[in-house]
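Chemist: Sharing a structure with you now.
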Amino acid sequence: MKLATLRNGKRDGQLAVVSRDLTRCTDASFIAPTLQAALDDWQRVAPHLAMLAQSLEHGAVPSARFHEHEAHSPLPRAYQWADGSAYRNHVELVRRAGGSGTPESFWADPLMYQGGSDSFLGPRDPIPLADEAWGADFEGEIAAIVDDVPMGASPEVAAGAIRLLVLANDVSLRKLAATELAKGFGFFQAKPSSAFSPVAVTPDELGDAWDGGRLHLPLSVDLNGKPFGRADAGVGMELDFPHLIAHAARTRPLCAGTIVGSGTVSNKDDGGPGRPISEGGVGYSCILEQRIVEKLTAGKSVTPFLRTGDIVRIEMKDRAGRSIFGAIEQKVGPA
């Protein structure tokens, strides 16, 4: 089934079930008022939501047109947002740009940071940017929303806790990140509010594109209406979601509604670090990667970071060309 949070004037919005083709929706607040409430009581609530979704497909319940611009991120705020970095190509590029190699231990003990989760952007909300000198960037990702995960859970247990999948735009301020990381205490100001796709999807909706840990479909990223990235989310993901979730739960339990991100989707290209789409490659899911490749191949970075007025679109389509999660489409605007 597909779930969305509609804006209703309240902070956490109103839960709705959305049709598979993303054209219709029906109120689900009589089952659970919000998505977080549904996740808190998933075992009891999910079967009722599934029945409602089936009724919606058959036209047996009242429905309305689903407008993606009226949707908030499925969880407008969450108890936790833990973002990994699971794609080898992205990690190796960033480490190489910083003048260091990539330890093999990273593929057993992954990179992960805890982002701000108290206020997410809606999928069509502007990206507020107070200063273009901060180096604003998008990062196209996949994320899993989990049920309760006990501390010390194995990957097998973690796999059973995956309830929903979403797309993410993990907004990053690259120039601030360099300063913060140099302090040795991690990101804070460099990671403003992220945005998530209009719709959250249960894994069974994905068919054989979902193998239980990875989503094997291209992630489409456009910048100002032009293709920027078409990397396959199932390729080059060294650690799958069960392993990322188990890593996050190693020393603490994860409560229902925790969001765990994959990190920037990234593919190598013919053994190299990747090529722009204009040169026959699959492109990139963030500007930083293109800038790094430019510097490695031509000696300098020429692609600018985001500027006021730029428009980023992130979407994933199934093999028949149908949008699965709806689109994140955000314009960069002044704060």
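The values are calculated or read from the model by the stated rules, or taken from the named source; none is laboratory data. Because the structure is predicted, anything quoted here is derived from the model rather than measured. Backbone-built Cβ (ideal geometry, glycine too); neighbour counts: all protein chains shown. For accessibility, only protein heavy atoms count, side chains too; no ligands or nucleic acids. Shrake-Rupley method; radii C 1.70, N 1.55, O 1.52, S 1.80 Å.
Chemist: Identify the single condition in (1) outside any helix (DSSP H, G or I); (2) open to solvent by 20 Å² or more (accessible area, probe 1.4 Å) that E92 does not satisfy, given that it satisfies every other one.
Modeler: (1)
To keep it simple, each residue is scored yes or no on (1) open to solvent by 30 Å² or more (accessible area, probe 1.4 Å); (2) under 25 Å from L3 (Cα atoms); (3) not hydrophobic (A, V, I, L, M, F, W, C).
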position: P198; (1), (2), (3): no, yes, yes
position: D204; (1), (2), (3): yes, yes, yes
position: H216; (1), (2), (3): yes, yes, yes
position: L219; (1), (2), (3): no, yes, no
position: G263; (1), (2), (3): no, yes, yes
position: N267; (1), (2), (3): no, no, yes
position: G274; (1), (2), (3): no, no, yes
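Chemist: Can I ask one more? Filter the range 178-190 down to the residues that are out of contact with any helix residue (DSSP H, G or I) (no Cβ under 8 Å at 6 or more places or on another chain) and not aliphatic (A, V, I, L, M), then identify the one that is surrounded by the fewest Cβ atoms within 10 Å (Cβ to Cβ). Don't jump to the end; show me each part of the working.
Modeler: Kept after step one, since they are out of contact with any helix residue (DSSP H, G or I) (no Cβ under 8 Å at 6 or more places or on another chain), are these residues of the range 178-190: 178-185.
Next cut, not aliphatic (A, V, I, L, M) only: 179-180, 183-185.
Details: T179: 11, E180: 16, K183: 8, G184: 6, F185: 8.
Out of the qualifying residues, it is G184.
Chemist: Which of the residues belonging to the range 277-290 are open to solvent by less than 30 Å² (accessible area, probe 1.4 Å) and over 17 Å from L306 (Cα atoms)?
Modeler: Answer for the range 277-290, where residues must be open to solvent by less than 30 Å² (accessible area, probe 1.4 Å) and over 17 Å from L306 (Cα atoms): just G281.
Chemist: Say we look at the range 132-189 and pick out the residues that are of a type in the set (S, T, Y) and more than 18 Å from the chain's Cα centre (by Cα); which of these is farthest from C286 (Cα to Cα)?
Modeler: S154
Chemist: Suppose we filter G152, G212, G225 for residues that are in contact with a helix residue (DSSP H, G or I) (Cβ under 8 Å, 6 or more places away or on another chain), touching a residue at least 40 places away in the same chain (Cβ under 8 Å) and surrounded by fewer than 24 Cβ atoms within 10 Å (Cβ to Cβ); which single one remains?
Modeler: Matching residue, one of G152, G212, G225: G212.
Chemist: Here's another thing I want to ask about it. Considering each residue of the range 1-59, count those that are among the hydrophobic types (A, V, I, L, M, F, W, C) and touching a Cys at 6+ places or on another chain (Cβ under 8 Å), and give that number. Before the answer, list the steps.
Modeler: Filtering the range 1-59 down to residues among the hydrophobic types (A, V, I, L, M, F, W, C) leaves 1, 3-4, 6, 15-18, 22, 25, 28, 30-32, 35, 37-39, 42, 45-46, 49-53, 56.
Next cut, touching a Cys at 6+ places or on another chain (Cβ under 8 Å) only: 4, 6, 16-18, 56.
Qualifying residue count for the region: 6.
Chemist: Of the residues in the range 156-165, how many are open to solvent by 10 Å² or more (accessible area, probe 1.4 Å), of a type outside the set (V, I, T) and either under 30 Å from V221 (Cα atoms) or without any contact (Cβ under 8 Å) to a residue 60 or more places away in the chain (or both)?
Modeler: Number of matching residues: 3.
Chemist: Answer with yes or no whether L296 is open to solvent by 40 Å² or more (accessible area, probe 1.4 Å), touching a residue at least 12 places away in the same chain (Cβ under 8 Å) and farther than 30 Å from A37 by Cβ. Talk me through it step by step, then tell me what you get.
Modeler: Working: open to solvent by 40 Å² or more (accessible area, probe 1.4 Å): yes; touching a residue at least 12 places away in the same chain (Cβ under 8 Å): yes; farther than 30 Å from A37 by Cβ: yes.
Yes; evaluated as a whole, the condition is true for this residue.
Chemist: When the residues of the range 106-142 are narrowed to those that are open to solvent by 70 Å² or more (accessible area, probe 1.4 Å) and assigned to a helix (DSSP H, G or I), which ends up nearest to A78 (Cα to Cα)?
Modeler: W134
Chemist: I'd like the residue in the range 302-311 that is within 16 Å of F228 (Cα to Cα) and within 26 Å of the chain's Cα centre (by Cα) and, out of all such residues, is least open to solvent (accessible area, probe 1.4 Å).
Modeler: L306
Chemist: Looking at the structure I just gave you, is V17 buried (at least 16 other Cβ atoms within 10 Å of the Cβ), modelled with pLDDT under 95, aliphatic (A, V, I, L, M) and more than 18 Å from G122 (Cβ to Cβ)?
Modeler: On the way: buried (at least 16 other Cβ atoms within 10 Å of the Cβ): yes; modelled with pLDDT under 95: no; aliphatic (A, V, I, L, M): yes; more than 18 Å from G122 (Cβ to Cβ): yes.
Here the answer is no, as V17 does not meet what is asked.
Chemist: Tell me which residues, restricted to the range 34-50, are open to solvent by 10 Å² or more (accessible area, probe 1.4 Å) and either touching a Gly at 6+ places or on another chain (Cβ under 9 Å) or not in a loop (DSSP other than H, G, I, E, B) (or both).
Modeler: Of the range 34-50, the ones open to solvent by 10 Å² or more (accessible area, probe 1.4 Å) are 34, 36-37, 40-44, 46-48, 50.
Hits for the range 34-50 are T34, Q36, A37, D40, W42, Q43, R44, A46, P47, H48, A50.
Chemist: I'd like the full set of residues that are open to solvent by 50 Å² or more (accessible area, probe 1.4 Å) and either hydrophobic (A, V, I, L, M, F, W, C) or within 29 Å of S154 (Cβ to Cβ) (or both), limited to the range 228-246.
Modeler: Hits for the range 228-246 are V235, E238, H243.
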